[in-house]
Amino acid sequence: MTDAVIAQGLVKRYGDVVALAGLDLRVPQGTVLGVLGPNGAGKTTAVRILTTLLRPDSGSAQVAGVDVLADPAKVRARIGLSGQYAAVDEHLTGFENLDMVGRLYHLGAKRSRTRARDLLGRFDLDGAANRPVKTYSGGMRRRLDLAGALVADPAVLFLDEPTTGLDPRSRSDMWQIITDLVAGGTSVLLTTQYMEEADRLADSIVVIDHGRVIAQGSADQLKELIGGERIEVVVKNAAHLQQARHLLVGLAGAEPTVDEHTRRLSLPVRDGSASLVEALRRLDAVPIAVSDISLRRPTLDDVFLALTGHNTDPAGEPGLAPAVR
Amino acid sequence: MNVLWALHDGLVVARRNLIKVKRVPDLLVFTTLQPVMFVVLFAYVFGGAIAVKGSNYREFLIAGIFAQTVLFGTTITGAGLADDIQKGIIDRFRSLPMARSAVLIGRTLSDVANNLIVIVVMSLTGLAVGWRIRTGVLDGLAGFALLLVFAYAFSWVMAYVGLLAPSPEVVNNAAFVVLFPLTFVANTFVPLEALPGPLQAVARWNPVSAVTEAARQLFGNLAPGAPAPRGWALQHPVVYTLLWALGLLVLFVPLATRQYGRAVSR
Ligand SMILES: Nc1ncnc2c1ncn2[C@@H]1O[C@H](COP(=O)(O)OP(=O)(O)OP(=O)(O)O)[C@@H](O)[C@H]1O
Ligand SMILES: [Mg+2]
C-alpha cells in the first residue's frame, strides 16, 4: 500500500510571514506521525492544507492515495479532522452535533443516529448527550470534536494538538483512544507541543520550526542526537568538586562537564544504573557529601530545546532557551 | 444527483439552524416584535394623518408591512452567516464531503421558515387591527408565497453581504442603511402620489413597491375602483416581482457561493 499521507515541498505565505517553507512529510499506512513544533512553527497550516481547508502556494500532497489539490472532495470523504479549536456547534447538543455530521457524510438518518450514540458512549459523553455543547467542559468538547472526526470511520485521521488544555486524566484517556484507533488500522498525523505525547504515541516524529523539518526519526533516534544517559552529581561542598571528578572520571564514556557555580558534575555513561551504583559507592567511601545525584535520560524536551532553541512550553520564558541552533 | 445531495445537505444545515433558533429565540422574537410595533405605530399614530383614497389606511398598510418585514427578515441570513464563519463549526463543515453550497442553501432555507413564523404573527396582528383577505384562499396563499419568494431571492443578497462583512453587527448596520430607504421610498406606508416627484419615479420601479402592490391585489386590499397605477412595473406587479427575484438569484447565488469559498479559506 502507498503511504497514508505524502506531502512534498509545501509552501504557504501570509504576506511577509512564511508559514510553511517547503515542508515534506510521510505517514506510512497504519502508523502515527508526530509533528512537533513550537508556536507558529506551521503545524496548523500543514494540517489545514492536508485536510483541504487551505490551498498551498506551491507543493503537492496526497492523502489516502488521493491528490489533495486535484480532488479535495474525495480526500474529505476519507479523512477525519479534529482541529486545534473544537469544531462543534455550541447550541446543538452532543448528540445533535454527531447526528448532523453523520447525515452530512451521507450515512442516512438511521445510521447517523446509531453512530452518534455509539460514539457518545465510547467517549464517555452519554450523560451529556442531550445537553447543548455550550455547557460542556473543554475536555468534553475536545472529545466530542474527536468523535465528530470519527463518524465515518476515516482511514486517515488528522489531530491538531488533540490534548492541549486537557487535564492529565483526560489526556491519558485521549491517548488510549488514539492508541486503540491505531490498533484498528487508522493512520494518524498528530501535532503536539508535548514531547511526552509524541514519545508515547508516535511511531516517527518530525520536528518542524519556521515551516520546515529540522529533524526526523523515532523518539529514540532523536534522543540519541543529543547523547545518551548521564549521571548528574551535585556535591555539598564546592571544594570537593575536583576530587569527585577524579573519582568518577573512569565511569564516564566521555569527558565529564563540571559546573563550579552549581557544584554540578555531569558525566555521560553507557550502563546507566550500574554506573550510578558504582558512583555512589565511590563517593561514599571517601566520603564526599552529595546533595543530589541522579541518572538522567534525555527527554524529547531536551531534544526539542536543543534543536529549535525555543522552549517547548508555550508559556515558557524565551530567556531560558540555549543558544544551540 | 449532485444537486439532490446539495439540497439534502442544505436541509441538514437548515435543520441545525432551526434548532438554534429554538434554543436562542431572541433574534426571531425581535424580528417579529418589530413589525408588530410598526403596525401599531402606523395604524394608530400616523394612520390618521395619511389619507388613502377610497380605502381604509390599515387595510392599505398591512401588505406594506408584510413586504418590509420579510425583507428585514433576510438580515438574519447575513448576520447568521457572518456569525457562522467566525465559529469553529465551519471547519467541520468544510472538512466533510458535503456540497460546497450546502451552508448557504441551508441558511437561506431556514430563513424561509423564520419568515413563515413572522408572517403568521403579522397576519394575526393584522386581523386584530381590522385587516382582512377579501379575495379567496388561493389568492391569499399566492400573496404570501410571492412575499416569501421575493424574500428568499433577497436573502441571497444578504448572504453575499454577510460573507463580505467582518461581523454580524456590521451586517445588521449595513442592512439597516440599505433596507430602510428601500422599504420607505415605496408605496408601503403612503400612497405613491403622496411622494415628491423624483422619489415617486424611483418608488414606481422599486421592487418593494411591486411586491407590495401585488400583495394588495392578491389580498383584495385595493380600494374598489381605484385608478390603475402608472408604469409597467406596477401594472404587472406579480411578473415584475418574479423577474426581480429571478434576477437576484441568477446574480447572487454564484456571487455568494464564490464569496463563501473565499471567506472560509482565509
Ligand atoms: N490566516 C493567517 N494570516 C496571517 N498569518 C497566519 C495565518 N495563519 C497562520 N499564520 C502565520 O503562519 C505561521 C504558522 O502558523 P500556524 O498556525 O501554522 O502555527 P502552529 O505551529 O500551528 O502554531 P501553534 O502551536 O501556536 O498552534 C505563524 O507565524 C502564523 O502567525
Ligand atoms: Mg496550531
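The values are calculated or read from the model by the stated rules, or taken from the named source; none is laboratory data. All figures in this text were calculated on a predicted structure; none of them were measured in a lab. A quick note on method: Cβ atoms are made from the backbone with ideal geometry, for glycine too, and the neighbour counts reach across all protein chains shown. Only protein heavy atoms, including side chains, enter the accessible area calculation; ligands, DNA and RNA are left aside. Shrake-Rupley method; radii C 1.70, N 1.55, O 1.52, S 1.80 Å.
Got a sec? Which of B:ALA186, B:ALA203 is buried (at least 20 other Cβ atoms within 10 Å of the Cβ), within 25 Å of B:THR108 (Cβ to Cβ), out of contact with any Asp or Glu (no Cβ under 9 Å at 6 or more places or on another chain) and not β-branched (Val, Ile, Thr)?
Working: B:ALA203 fails: within 25 Å of B:THR108 (Cβ to Cβ).
Testing whether each residue is buried (at least 20 other Cβ atoms within 10 Å of the Cβ), within 25 Å of B:THR108 (Cβ to Cβ), out of contact with any Asp or Glu (no Cβ under 9 Å at 6 or more places or on another chain) and not β-branched (Val, Ile, Thr) leaves just B:ALA186.
I'd like to verify a number: residues in segment A:104-161 that are among the basic types (Lys, Arg) and closer than 29 Å to A:ALA7 by Cα, how many? Steps first, please.
Of all residues in segment A:104-161, those among the basic types (Lys, Arg) come to A:110-111, A:113, A:115, A:117, A:122, A:131, A:134, A:141-143.
Within this subset, residues satisfying the condition of being closer than 29 Å to A:ALA7 by Cα are A:142-143.
Summing the residues that are among the basic types (Lys, Arg) and closer than 29 Å to A:ALA7 by Cα in segment A:104-161 gives 2.
Under 30 Å from A:MET195 (Cα atoms) and either at pLDDT 80 or above or open to solvent by less than 40 Å² (accessible area, probe 1.4 Å) (or both): which single residue out of A:VAL290, A:VAL269, A:VAL249, A:VAL286 fits that description?
Working: A:VAL290 fails: under 30 Å from A:MET195 (Cα atoms); A:VAL249 fails: under 30 Å from A:MET195 (Cα atoms); A:VAL286 fails: under 30 Å from A:MET195 (Cα atoms).
A:VAL269 is the lone residue from the list that is under 30 Å from A:MET195 (Cα atoms) and either at pLDDT 80 or above or open to solvent by less than 40 Å² (accessible area, probe 1.4 Å) (or both).
So, in segment A:136-162, exactly how many residues are of a type outside the set (Gly, Ala, Ser), over 21 Å from B:PRO97 (Cα atoms) and either in contact with a Gly (Cβ under 6 Å, 6 or more places away or on another chain) or more than 16 Å from ligand 1 (Cβ to nearest atom) (or both)? Show your work before the answer.
Taking segment A:136-162 as the starting set, the residues that turn out to be of a type outside the set (Gly, Ala, Ser) are A:136, A:140-146, A:150-151, A:153-154, A:156-162.
Next, only the ones that are over 21 Å from B:PRO97 (Cα atoms) stay: A:136, A:140-143, A:161-162.
Filter once more, keeping what is either in contact with a Gly (Cβ under 6 Å, 6 or more places away or on another chain) or more than 16 Å from ligand 1 (Cβ to nearest atom) (or both): A:136, A:140-141, A:143.
Result for segment A:136-162: 4.
Being of a type in the set (Lys, Arg), within 14 Å of chain B (Cβ to nearest Cβ) and within 16 Å of ligand 2 (Cβ to nearest atom) is true for just one of A:ARG13, A:ARG48, A:ARG55. Which residue is that? Steps first, please.
Details: A:ARG13 fails: within 16 Å of ligand 2 (Cβ to nearest atom); A:ARG55 fails: within 16 Å of ligand 2 (Cβ to nearest atom).
Only one candidate qualifies: A:ARG48.
Quick one: A:VAL182 ticks every box in (1) closer than 22 Å to A:THR51 by Cα; (2) in contact with a helix residue (DSSP H, G or I) (Cβ under 6 Å, 6 or more places away or on another chain) bar one, so which box is it?
Tallying (1) closer than 22 Å to A:THR51 by Cα; (2) in contact with a helix residue (DSSP H, G or I) (Cβ under 6 Å, 6 or more places away or on another chain), A:VAL182 fails exactly one: (2).
When the residues of segment B:98-116 are narrowed to those that are under 19 Å from B:VAL211 (Cβ atoms) and β-branched (Val, Ile, Thr), which ends up least open to solvent (accessible area, probe 1.4 Å)? Show your work before the answer.
Taking segment B:98-116 and keeping what is under 19 Å from B:VAL211 (Cβ atoms), we get B:108, B:111-112, B:114-116.
Adding the requirement that they be β-branched (Val, Ile, Thr) leaves B:108, B:112.
Values: B:THR108: 1, B:VAL112: 41 Å².
Ranking the candidates gives B:THR108 first.
From the list A:VAL18, A:VAL47, which residue is surrounded by fewer than 24 Cβ atoms within 10 Å (Cβ to Cβ) and touching an Asp or Glu at 6+ places or on another chain (Cβ under 9 Å)? Let's see the steps before the verdict.
Working: A:VAL18 fails: touching an Asp or Glu at 6+ places or on another chain (Cβ under 9 Å).
The match here is A:VAL47.
So A:ALA7 ticks every box in (1) near ligand 1 (Cβ under 9 Å from one of its atoms); (2) out of contact with any Pro (no Cβ under 8 Å at 6 or more places or on another chain); (3) away from every other protein chain (no Cβ under 12 Å) but one. Which box is left unticked?
It is condition (1) that A:ALA7 fails.
Considering every residue within segment B:132-155, establish whether at least one is basic (Lys, Arg) and either modelled with pLDDT of 90 or more or in contact with a Pro (Cβ under 8 Å, 6 or more places away or on another chain) (or both).
Residues of segment B:132-155 that are basic (Lys, Arg), as a first pass: B:132, B:134.
Applying the additional criterion that residues be either modelled with pLDDT of 90 or more or in contact with a Pro (Cβ under 8 Å, 6 or more places away or on another chain) (or both) yields none.
Within segment B:132-155, none of the residues are basic (Lys, Arg) and either modelled with pLDDT of 90 or more or in contact with a Pro (Cβ under 8 Å, 6 or more places away or on another chain) (or both).
Looking at segment A:80-94 only, could you name the residues that are open to solvent by less than 50 Å² (accessible area, probe 1.4 Å), more than 7 Å from every other protein chain (Cβ to nearest Cβ) and touching a strand residue (DSSP E or B) at 6+ places or on another chain (Cβ under 8 Å)?
As a first pass, look at segment A:80-94 and keep what is open to solvent by less than 50 Å² (accessible area, probe 1.4 Å): A:80-83, A:86-89, A:91-94.
Going one step further and asking which of them are more than 7 Å from every other protein chain (Cβ to nearest Cβ), we end up with A:80, A:82, A:93-94.
Result: A:GLY80, A:SER82, A:THR93.
Where the second residue is more than 16 Å from ligand 2 (Cβ to nearest atom) and in a strand (DSSP E or B) and the first is small (Gly, Ala, Ser) and lies in segment A:1-17, which pairs have Cβ atoms under 6 Å and are six or more apart or on separate chains?
From segment A:1-17, the pairs are A:ALA4/A:VAL27; A:ALA4/A:VAL156; A:ALA4/A:SER187; A:ALA7/A:ALA61; A:GLY9/A:GLY22; A:GLY9/A:GLY59.
With segment A:179-284 as the region, which helices (runs of 4 or more DSSP H) entirely inside it contain at least 1 residues that are closer than 30 Å to A:GLY83 by Cα and among the hydrophobic types (A, V, I, L, M, F, W, C)? Don't jump to the end; show me each part of the working.
Working: elements: A:195-201, A:219-225, A:241-248.
The qualifying helices (runs of 4 or more DSSP H) are A:195-201, A:219-225.
Can you tell me which residues in segment B:16-34 are of a type outside the set (Val, Ile, Thr) and either more than 17 Å from B:THR77 (Cβ to Cβ) or free of Cβ contacts under 8 Å to residues at least 60 places away in the same chain (or both)? I'd like the intermediate steps shown before the answer.
Filtering segment B:16-34 for residues of a type outside the set (Val, Ile, Thr) gives B:16-18, B:20, B:22-23, B:25-28, B:30, B:33-34.
Result: B:LYS20, B:LYS22, B:ARG23, B:PRO25, B:ASP26, B:LEU27, B:PHE30, B:LEU33, B:GLN34.
So, in segment A:135-172, of the ones that are more than 16 Å from ligand 2 (Cβ to nearest atom) and in contact with a Lys or Arg (Cβ under 8 Å, 6 or more places away or on another chain), which residue ends up most open to solvent (accessible area, probe 1.4 Å)?
Ranking the qualifying residues of segment A:135-172, first place goes to A:ALA155.
Is there any pair with a first residue in segment B:97-109 that is without any contact (Cβ under 8 Å) to a residue 24 or more places away in the chain and a second that is of a type outside the set (A, V, I, L, M, F, W, C) and open to solvent by 10 Å² or more (accessible area, probe 1.4 Å) whose Cβ atoms are under 9 Å apart and which are 6 or more apart or on different chains, and what are they?
B:PRO97/A:LYS74; B:PRO97/A:ARG76; B:PRO97/A:ARG78; B:PRO97/A:TYR105; B:PRO97/A:HIS106
Considering only residues that are open to solvent by less than 20 Å² (accessible area, probe 1.4 Å), more than 24 Å from A:ALA198 (Cβ to Cβ) and in contact (Cβ under 8 Å) with a residue 24 or more places away in the chain, which ones fall in segment A:57-78?
A:VAL75
Return the residue satisfying two criteria in turn: it lies in segment A:79-124 and is free of Cβ contacts under 8 Å to residues at least 60 places away in the same chain and within 16 Å of ligand 1 (Cβ to nearest atom), and of such residues it is nearest to the chain's Cα centre (by Cα). Show your work before the answer.
Looking only at segment A:79-124, we keep the residues that are free of Cβ contacts under 8 Å to residues at least 60 places away in the same chain, and these are A:85-86, A:89-124.
Subsequent filtering for residues that are within 16 Å of ligand 1 (Cβ to nearest atom) retains A:85-86.
Numbers: A:TYR85: 16, A:ALA86: 18 Å.
The selected residue is A:TYR85.
Can you find a residue that is within 14 Å of another protein chain (Cβ to nearest Cβ) and either crowded, with 22+ Cβ neighbours inside 10 Å or out of contact with any Gly (no Cβ under 9 Å at 6 or more places or on another chain) (or both) anywhere in segment B:54-73? Don't jump to the end; show me each part of the working.
Of the residues in segment B:54-73, the ones within 14 Å of another protein chain (Cβ to nearest Cβ) are none.
Scanning segment B:54-73 turns up no residue that is within 14 Å of another protein chain (Cβ to nearest Cβ) and either crowded, with 22+ Cβ neighbours inside 10 Å or out of contact with any Gly (no Cβ under 9 Å at 6 or more places or on another chain) (or both).
Do the conditions hold for A:SER82, that is, is it of a type in the set (Ser, Thr, Tyr) and touching a helix residue (DSSP H, G or I) at 6+ places or on another chain (Cβ under 7 Å)? Full working, then the answer.
Values: of a type in the set (Ser, Thr, Tyr): yes; touching a helix residue (DSSP H, G or I) at 6+ places or on another chain (Cβ under 7 Å): yes.
For A:SER82, the condition - of a type in the set (Ser, Thr, Tyr) and touching a helix residue (DSSP H, G or I) at 6+ places or on another chain (Cβ under 7 Å) - is met.
Has segment A:187-199 got any residue that is crowded, with 20+ Cβ neighbours inside 10 Å, more than 16 Å from ligand 2 (Cβ to nearest atom), within 23 Å of A:ARG48 (Cβ to Cβ) and within 14 Å of chain B (Cβ to nearest Cβ)?
no
How many of the residues in segment A:58-82 are away from ligand 2 (no atom under 14 Å from the Cβ) and hydroxyl-bearing (Ser, Thr, Tyr)?
Restricting attention to segment A:58-82, the residues satisfying the condition of being away from ligand 2 (no atom under 14 Å from the Cβ) are A:58-80.
Right, trim to hydroxyl-bearing (Ser, Thr, Tyr) and you get A:58, A:60.
The qualifying residues number 2.
Only one of (1) open to solvent by less than 20 Å² (accessible area, probe 1.4 Å); (2) over 19 Å from the mean Cα position of the chain (by Cα) is not met by B:ARG216, so which one is it?
The one condition B:ARG216 does not meet is (2).
For segment B:145-168, which positions are open to solvent by 40 Å² or more (accessible area, probe 1.4 Å) and touching a residue at least 60 places away in the same chain (Cβ under 8 Å)?
Step one: of segment B:145-168, the residues open to solvent by 40 Å² or more (accessible area, probe 1.4 Å) are B:145, B:149, B:152, B:160-161, B:164, B:166.
The answer is B:VAL149, B:TYR152, B:TYR160, B:VAL161, B:LEU164, B:PRO166.
Could you run through segment A:22-44 and say how many residues are within 10 Å of ligand 1 (Cβ to nearest atom) and surrounded by fewer than 17 Cβ atoms within 10 Å (Cβ to Cβ)?
Of the residues in segment A:22-44, 2 are within 10 Å of ligand 1 (Cβ to nearest atom) and surrounded by fewer than 17 Cβ atoms within 10 Å (Cβ to Cβ).
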